[in-house]
1. Take the residues in the range 1-40 that are over 18 Å from Ala98 (Cα atoms), at pLDDT 90 or above and among the small types (Gly, Ala, Ser); name whichever of them is surrounded by the most Cβ atoms within 10 Å (Cβ to Cβ).
2. How do the pairs read when you match residues in the range 222-239 that are at pLDDT 85 or above with residues anywhere that are among the small types (Gly, Ala, Ser) and in a helix (DSSP H, G or I), using Cβ under 9 Å and keeping only pairs 6 or more apart or on different chains?
3. Would you check which residues across the range 60-112 are part of a loop (DSSP other than H, G, I, E, B) and either open to solvent by less than 10 Å² (accessible area, probe 1.4 Å) or more than 22 Å from Gln132 (Cβ to Cβ) (or both) and list them?
4. Checking the structure you have, find out if any residue of the range 152-160 is under 24 Å from Gly41 (Cα atoms), of a type in the set (D, E, K, R) and at pLDDT below 90.
5. Would you confirm whether or not the range 18-27 contains a residue that is part of a helix (DSSP H, G or I) and of a type in the set (S, T, N, Q)?
6. Condition first: assigned to a loop (DSSP other than H, G, I, E, B) and surrounded by 20 or more Cβ atoms within 10 Å (Cβ to Cβ). Can you find one or more residues in the range 199-206 that meet it?
Amino acid sequence: MISLDSSIWKELDSVGSDTDEILRDLMEGKGDFRENMESLGWDLSHQACYYDATAYVLPHLAVLCTKLSPEDKAFLITEIGLAIAAEGVWPIKPDTEAFREFQEGLRGLRRETEKLVTNPDIAAVLGNNPTQRESFALSALAILGNRMHAYGMWLVLGHDWEDCIGACLCGWEEEVISFRTDKDYFCMEPVSIAPWDGKSIEDEPVWFQGLLRRMGDEETIRFLPFAYGTCVCPGCGKRAAYWDWLAKFIGYGWCGG
């Protein structure tokens, strides 16, 4: 964990120029916790991009998270989730200081996130706001599961599951693949997702679906079998995991890679 007094904070990229100051206030308990956490989350995830200050912030947040109430832990995780998910699209180079900082922070946040995810009363901890529950679930996916999957979920849920995006390796791509209209299911083969035991987080679709069910999000659950399923390309006829299609499309259009 890099000291907040280090000069490196002035070199790190974020939306604002005061990320280290906001973080210091959080660590020292100054000001309103939730307002500061919202500001920090916005600084590090504006326009769903990755900012290199994120890696250096995470170890501090992991320490802070251990000292918070369950409700504030969930709020912290919710606010920082998209910033973490974005690293799945713009991955940090291994064997760098930033990579080590990111992984250190992620390990700490994983411990706290797992406790919340496996808490049978997580819905009560989060309250009755559906948007807050959904954002927490996606943040938990970013921390405990595949960050690219979480990032893709954010993109798709931004359209309320009306449509998704994807591209085949053959070059076929589509900005509107409907998860709702039967006539468009021709290219989607859903997978069967087993029930969750409420404890294990080894199988991503299983625990993620189980978490959503605990929170009463039946709308998202309805479409998970397609998100974790297989696509059949109308161009070349080849099958591939939807996540592979999503990664290919993001590489084309969303990240410029």
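1. Here the answer is Ser39.
2. Ala227/Gly152
3. Taking the range 60-112 and keeping what is part of a loop (DSSP other than H, G, I, E, B), we get 66-69, 87-96.
Listed by number, the residues that qualify are Glu87, Gly88, Val89, Trp90, Pro91, Ile92, Lys93, Pro94, Asp95, Thr96.
4. The initial filter retains those residues of the range 152-160 that are under 24 Å from Gly41 (Cα atoms), namely 152-160.
Narrowing further to those that are of a type in the set (D, E, K, R): 160.
Subset that is at pLDDT below 90: 160.
Checked the range 152-160: at least one residue is under 24 Å from Gly41 (Cα atoms), of a type in the set (D, E, K, R) and at pLDDT below 90.
5. Taking the range 18-27 first, the residues part of a helix (DSSP H, G or I) are 19-27.
Okay, now just the ones that are also of a type in the set (S, T, N, Q), so 19.
Within the range 18-27, one or more residues are part of a helix (DSSP H, G or I) and of a type in the set (S, T, N, Q).
6. Filtering the range 199-206 down to residues assigned to a loop (DSSP other than H, G, I, E, B) leaves 199-203.
This time we only want the ones that are surrounded by 20 or more Cβ atoms within 10 Å (Cβ to Cβ), so: none.
Within the range 199-206, none of the residues are assigned to a loop (DSSP other than H, G, I, E, B) and surrounded by 20 or more Cβ atoms within 10 Å (Cβ to Cβ).
The values are calculated or read from the model by the stated rules, or taken from the named source; none is laboratory data. Nothing here was measured: the structure is a model prediction, and the numbers come from that model. Cβ: placed from backbone, ideal geometry, glycine included. Neighbour counts: every protein chain shown. Areas reflect the complete protein model, heavy atoms only, side chains present, ligands, DNA and RNA absent. Shrake-Rupley method; radii C 1.70, N 1.55, O 1.52, S 1.80 Å.
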